[in-house]
Amino acid sequence: MPASPILEMRGVGKRFGGLQALQDVSFEVRRGEILGLIGPNGAGKTTLFSTLVGLHRADAGAILLEGRNLVGLKPHRIARLGLTKTFQNVALFMDTDVLDNVVIGALLHHPLPEARVRALACLERVGLANIAHKRAGDLSFPERARVEVARALSTEPKMLLLDEVMAALNAVEMAEMMDLIRALRADGLTVIVVEHHMKAIMALCDRIVALSFGRLLAVGLPDEIVRHPDVVTAYLGRAYAE
Ligand SMILES: Nc1ncnc2c1ncn2[C@@H]1O[C@H](COP(=O)(O)OP(=O)(O)O)[C@@H](O)[C@H]1O
Ligand SMILES: [Mg+2]
């Protein structure tokens with residue numbers, strides 16, 4: 001019998017005024033998988049992440065984390081239950097050092113001295129312990145992306161939502177980030193990755209969910225998704241179909 005999913009979205013909707021940003025979105029995330037979330041700009045990917053972690057409240061449907069409905073819970077409660085996202089366009093506190101940026105997340109579970117120890121361990125996990133005392137505003141793009149991952153890790157998630165963490169990276173840096181994401185999965189995390197680079201998504205993900213105009217277009221294996229006529233039409237164009 002297959003293991004029960006770690007996360008289920010059932011008919012989730014989210015409206016901003018007259019704009020239906022998410023409509024009737026239903027899919028499951030399997031424990032321990034790396035799931036890709038793709039779709040054109042404005043498809044609702046970031047809104048989906050924000051709704052999962054409670055920054056937006058779903059106005060229809062249910063979001064079940066290990067069977068428990070998250071809809072209506074505050075973001076810190078959802079983080080405590082083990083679901084955390086990074087922020088697109090990395091929102092670090094630029095005037096403080098890297099360690100302090102990560103300590104903020106660790107304070108969710110631990111008082112200050114212990115939080116600092118945990119935060120340092122998270123920086124070590126992403127390969128940045130050596131720059132713990134660098135000013136966040138002085139970081140390179142790849143360093144910032146890793147700090148953002150460390151900050152998410154510091155909340156001790158079961159499930160990590162990565163929103164375009166590879167956006168500003170070159171090919172080598174991207175490959176390193178993909179290795180890190182795979183290592184985190186090997187540690188036991190479940191990951192959803194929003195990413196525009198299809199090569200990265202194809203190489204990294206066990207399955208892919210495609211969104212367009214807030215609706216689910218398709219869910220499937222990477223090979224199925226790049227050939228799916230609706231996905232090709234809405235997002236990929238002809239290049240990937242051939
Ligand atoms: N806080 C908000 N208020 C109003 N509209 C929003 C808000 N956040 C996102 N939107 C709109 O919702 C749609 C989906 O946006 P978003 O989730 O950011 O898409 P993606 O991340 O896939 O590019 C867009 O049309 C966007 O303009
Ligand atoms: Mg987005």
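The values are calculated or read from the model by the stated rules, or taken from the named source; none is laboratory data. Treat the numbers as computed from the prediction; the structure is a model and nothing was measured. Cβ coordinates were reconstructed from backbone atoms using ideal geometry, including for glycine residues, and neighbour counts include every protein chain displayed. Side chains included, ligands, DNA and RNA excluded: accessible areas come from the protein's heavy atoms. Shrake-Rupley method; radii C 1.70, N 1.55, O 1.52, S 1.80 Å.
Assorted remarks:
- Averaged over residues, the count of other Cβ atoms within 10 Å places the peptides 146-159, 27-40 in the sequence 146-159, 27-40, highest first.
- Angle of helix 171-186 to the longest C-alpha principal axis of the chain, folded into 0 to 90 degrees and rounded to 10: 90°.
- Of Lys14/Lys158; Lys134/Lys199; Lys14/Lys134; Lys85/Lys199, pairs whose Cα-Cα distance is over 30 Å: Lys134/Lys199; Lys14/Lys134
- Computed on the range 64-137, with alpha-carbon pairs under 8 angstrom and 6+ residues apart, the relative contact order is 34 percent.
- Here's the picture: a label point sits 7 Å out from the Cα of Asp179 along the beta-carbon direction, and within the range 136-172 the residues with their amide nitrogen under 16 Å of it are 142-143, 146, 170-172.
- The Cα atoms of the range 140-242 cover 39, 28, 24 Å along the three principal axes, with the biggest extent listed first.
- Euclidean distance of C-alpha centroids, the range 158-202 and the range 78-119, integer Å: 19 Å
- Per-pair calculated FRET efficiency, R0 = 51 Å: Glu114 and Thr233 via Cβ, rounded to 0.05: 0.50
- In sequence order, calculated HN-Hα J values of the range 227-233 (Karplus, 6.51, -1.76, 1.60; Hz; x Gly/Pro): 9, 5, x, 5, 5, 4, 5
- Take every DSSP beta bridge whose two residues both sit in the chain; close to 55 percent of them are antiparallel.
- 222 nm mean residue ellipticity, helices alone, for the chain (DSSP H n ≥ 4; -39,500 (n - 2.57); rounded to 500): -9500 deg cm²/dmol
- Inter-label distance for Met94 and Lys158, nm, one decimal - labels placed 7 Å from Cα along Cα-to-Cβ: 3.8 nm
- In percent, rounded to a whole number, the relative contact order of the chain is 24, using alpha-carbon pairs under 8 Å and six or more apart.
- Taking N as its residue count, the alpha carbon Rg of the chain over 2.2 N^0.38 Å: 0.99
- Projecting label points 7 angstrom from Cα along Cα→Cβ for His197 and Ser140 puts them 1.4 nm apart.
- Working note: Karplus 6.51/-1.76/1.60 with θ = phi - 60° gives the range 94-104 the couplings 5, 8, 9, 7, 4, 4, 4, 4, 8, 4, 3 Hz, where Gly and Pro are set to x.
- Nearest-ten-degree value, helix 141-153 long axis tilted from longest Cα axis of the chain: 90 degrees
- Average accessible area per residue (Å²) across the chain - probe 1.4 Å, nucleic acids and ligands excluded: 46 Å²
- Projected onto planes of every orientation and averaged, the convex hull of the alpha-carbon atoms in the range 52-152 covers 7.0 nm².
- Relative contact order (percent, whole number), the range 124-205, Cα cutoff 8 Å, 6+ residue spacing: 31 percent
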